[in-house]
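The values are calculated or read from the model by the stated rules, or taken from the named source; none is laboratory data. Computed from a predicted structure; not experimentally measured. Note: ideal-geometry Cβ built from the backbone for every residue, glycine included; neighbour counts use all protein chains shown.
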Amino acid sequence: MSSNPNVGRSGIVLESRASYDQSDSGQNRWIEVLVDCPEAEAQKRLYTYRLPAQLQVQPGDILSVPFGAQVLGAIAIRICDAPPPDLNPAKIRDVEDVVSAGFFPPTYWQLLNQVAEYYYTQLIQVIRVALPPGLLGRSQRRIRLAPGEGERGGQAGQAGSANYLSPSACQILELLQAQPSGDYSFVYLQRQVRGAYRAIRELLRVKLVESYLEPPRTQRPKLQKAVTLVADVFPLDLTQRQREILEVLRRRGGDLLLTELLQICNASSSTIKTLEQKGCVVIQEREMLRTSAEPILAGDQPKALTPAQSEALEAIASLSSFARVLLHGVTGSGKTEVYLQAIAPILERGQSALVLVPEIGLTPQLTDRFRARFGNKVCVYHSALSDGERYDTWRQMLAGAAQVVIGTRSAIFAPLPRLGLIVLDEEHDSSFKQDQPAPTYHARTVATWRAELENCPLVLGSATPSLETWVNITSQELTSSTENSLTHYLSLPERIQSRPLPPVEVVDMRQELQQGNRSIFSRSLQEGLQQLQDEGKQGILFIHRRGHSTFVSCRSCGYVIECPHCDVSLAYHHTHEEAAELLRCHYCNFVRSHPQSCPECGSPYLKFFGSGTQRVAQELAQQFPQLRYIRFDSDTTRTKGAHRTLLTRFTNGEADLLIGTQMLTKGLDISQVTLVGVVAADGLLHLPDYRASERAFQTLTQVAGRAGRGNDPGQVIIQTYTPEHAVIQAVRRHQYQSFIETELEQREALNYPPYGRLILLRLSSTDAAEVQETAEMLAAGLASNTLQGDSSSDAHPTSPMYEILGPAPASILRVANRYRWQIMLKFAPDSLPELPDFNELRLLCPSSVSLTIDVDPLNLM
Ligand code: ADP
Ligand code: ZN
Ligand code: ZN
């Protein structure tokens, strides 16, 4: 190596390059690769290969490697100085070739390594989250003539430098030259020519041929017919019908998929063909990315910003390097418009943006807005994509054109080159955290690292910022000068057009009962619903749970019907009159039919407790038969596209009420909604978790924020048995700041996040005794300091730097027949080096007990 080709590469690559240089002095180099095939995947590990001296390899290159009897695609992950000690170096096989260099952004592997380290996970597990399997699986290695070699014609032996080629190499060259495209699959050549493997190496070395990876043929992008309006002035001999169709096309921006146009106009394709013959439109086959198959709204223009929006946009646009920004905007203050206008100049610069959203249920509205603004530069990336869609998204991402990727938590790993901005919308949402399997990452934490590595700004948007973000941003904001600060607090304190936040009425359900109202709807809510009906407006009812009732119990003996596999009661599910009455476990999905009588005492008097979405819907149908409703929960939105369909039906006015769970809280922007009712807030308030109040405040504020986003003022009614609760009072007064200040005092007093850090060790086993014993043994070891990582250090000879809470059984001990115990470690953020060696802990667990290390856990149940 004469020059230094790795200037500007990441630290990791520089390191590996150092070992490469050594190899020139005769030493071996090894590389760990991810082999892309089901057998290798089942092994859940990386494979080590030797790097031949002449190959230049960087992490992120696509290689071909021998695997068993096959040659397979593999991703170069890590270059090592030494082979693993448990492998016989003589048995390590050579990397065959580099198929495609620089497939991934250079900092990408650094990010994955950082995740593996922080979350105490093996790199392979991080890769499995980041890169969905099968990327290379069906790809095919192909060999083609190098540019210029095809036209030479004649005998291979005459081709200049090819004079000394082996007979097999000549044979291959002839085959390629005889083929018009000059191109064959590697496998085909191997079958046709003896010794093809060696011969191809030979041809590659003298640069007569090239090797490349072709994406799977079955996954070729779909071709679809699109209709484009070409006539400015319509000819006179058109029928009324034909004019209508052209008018529709014009209103939709002059360009639609044929299938869409036919659907919208209820026309036949022969009608469109006639229009083509008359020269009004052209019909063309167009490569349609499956990712953009959802309808694209007519082009949308940037809105004139409010002063607060302009100020926020200017602040974000002025950032050209890493910084964290909290965009704290009340519900309906126009955060999305700020994201859109912040992203536009980034795309113009040829860079890309990553937008993370909590759940896919919220994405149709948001993606529609992005598509309307940026068209097919928008890609959607989430775990529910089909293989074909995922492949298309990958292809578009790796092609490197400027684009916006919108996705859920795992999209933080989207291998997007040239990132200019990362946005986390609704940053407080707990779906950004993965509880299991490992890595137990938080997309916000990973986003911070990624923004740092890519040196771009990270915008965290919310009406109810998490306490972590609040403390992180505001404490640093205060202590550093604003000029070159790494954190910025931006606020949108008002709704668009100075619309007021909706007044929140709190109804004491105890008094309702005292006054003889036994309905699940208070008199206030009944009035509100009546008014909806009278005035033809729309509303939302929020219920904490899906299903009908949270549990069923016997009136005679008190027996509660429980799941046979979990320590929880079964929820009663009954969607409509003719439907089967079912009991369902919300933890393991166990289902049984509803018994006619008590399994314990035979009494026929079973009683339902707790109201889910189904029961509220049924009561509504009884009391307000004219009100049409749509249920919006995970029972009704399971099928693909269901979120979009239900929301479209609702916004089209096909129903008066949306009845749903948590899903309703996430960013819905429906301007006709005037009434929001929270049927029972109490289920949210009393969860056994130090975060319960924060979460309840966020949920209630967000759901309240769905009301009055249009011209008509909104109204919120919260029903509760504890109206005096601090959370309820804060939501009623729209008081974010004073609420979290009180909350933060409590967290600080107890050393809980964001002041302290937590690591939760989750143990589970089908053997109740063994998991308990293991938990006790580990906890004792942790307490006696024998498992402390830095045990040789004299600095802290006795007391561990962390507090141990537990071992304790999980709040639901048994789920799906596994018994669960946990040990919590609590420590100050700066004492990390004193933590125990978690790998050692794993080794101490018997094979029947599984241990998950949840770093910064959010879900303590
Ligand atoms: P948030 O995400 O802050 O709750 P949204 O971004 O959904 O709010 O904006 C609320 C509504 O206001 C949306 O319908 C949006 O189109 C509209 N809007 C946003 N900014 C403006 C603006 N500057 N002028 C007019 N309407 C706007
Ligand atoms: Zn009974
Ligand atoms: Zn169960």
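Annotations for the structure displayed:
- Taking first residues from region 698-709 that are closer than 16 Å to ASP425 by Cβ and partners that are within 16 Å of ligand 2 (Cβ to nearest atom), no Cβ contact under 9 Å between residues at least 6 apart in sequence or on separate chains turns up.
- Test result for ARG695, among the charged types (D, E, K, R) and either free of Cβ contacts under 8 Å to residues at least 24 places away in the same chain or within 16 Å of ligand 3 (Cβ to nearest atom) (or both): no
- Index of the failed condition, GLU578 passing every other in (1) surrounded by fewer than 17 Cβ atoms within 10 Å (Cβ to Cβ); (2) within 13 Å of ligand 3 (Cβ to nearest atom): (2)
- Selected residue [away from ligand 2 (no atom under 16 Å from the Cβ) and touching a residue at least 40 places away in the same chain (Cβ under 8 Å)] from ARG546, ARG584: ARG546
- Residue in region 482-497 that is more than 29 Å from the chain's Cα centre (by Cα) and within 19 Å of SER738 (Cα to Cα) present: yes
- Just one of the listed residues (ALA655, ALA704) is of a type outside the set (Phe, Trp, Tyr), out of contact with any Gly (no Cβ under 8 Å at 6 or more places or on another chain) and under 30 Å from GLU724 (Cα atoms), and it is ALA704.
- Tally, over region 701-743, of residues that are aliphatic (A, V, I, L, M) and in contact with a Leu (Cβ under 7 Å, 6 or more places away or on another chain): 7
- Exactly one residue out of GLU359, GLU348 is on the phi < 0 side of the Ramachandran plot, within 19 Å of the chain's Cα centre (by Cα) and of a type outside the set (Ser, Thr, Tyr): that is GLU359.
- Residue within region 572-579 that is away from ligand 1 (no atom under 16 Å from the Cβ), within 30 Å of the chain's Cα centre (by Cα) and within 29 Å of SER764 (Cβ to Cβ) present: yes
- For GLN219: the one exception among (1) at pLDDT 80 or above; (2) of a type outside the set (Ser, Thr, Tyr); (3) out of contact with any strand residue (DSSP E or B) (no Cβ under 9 Å at 6 or more places or on another chain); (4) buried (at least 17 other Cβ atoms within 10 Å of the Cβ): (1)
- Among the residues making up region 253-277, those that are in contact with a helix residue (DSSP H, G or I) (Cβ under 8 Å, 6 or more places away or on another chain) and touching a residue at least 12 places away in the same chain (Cβ under 8 Å) are ASP255, LEU256, LEU258, LEU261, ILE264, CYS265, ALA267, THR271, ILE272, THR274, LEU275.
- One residue alone among LEU541, LEU513, LEU529 is free of Cβ contacts under 8 Å to residues at least 60 places away in the same chain, within 29 Å of PHE697 (Cα to Cα) and more than 16 Å from ligand 2 (Cβ to nearest atom), and that residue is LEU513.
- Within region 516-539, the presence of a residue that is within 16 Å of ligand 1 (Cβ to nearest atom), modelled with pLDDT of 85 or more and not polar (S, T, N, Q) is excluded.
One line per residue, one yes/no per condition, for (1) free of Cβ contacts under 8 Å to residues at least 40 places away in the same chain; (2) in a loop (DSSP other than H, G, I, E, B); (3) away from ligand 2 (no atom under 16 Å from the Cβ):
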residue: PRO564; (1), (2), (3): yes, yes, yes
residue: GLU577; (1), (2), (3): yes, yes, yes
residue: ALA580; (1), (2), (3): yes, yes, yes
residue: ASN589; (1), (2), (3): yes, yes, yes
residue: CYS598; (1), (2), (3): no, yes, no
residue: SER603; (1), (2), (3): no, yes, no
residue: LYS607; (1), (2), (3): no, no, no
residue: SER611; (1), (2), (3): no, yes, yes
residue: GLN614; (1), (2), (3): no, no, yes
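- The residue pairs whose first member lies in region 401-430 and is closer than 19 Å to ARG128 by Cα, whose second member is outside any helix (DSSP H, G or I) and among the aromatic types (Phe, Trp, Tyr), and whose beta carbons are closer than 7 Å, counting only pairs six or more residues apart or on different chains, are GLY407/TYR381; ALA411/TYR381; ALA414/TYR381; PRO415/PHE104.
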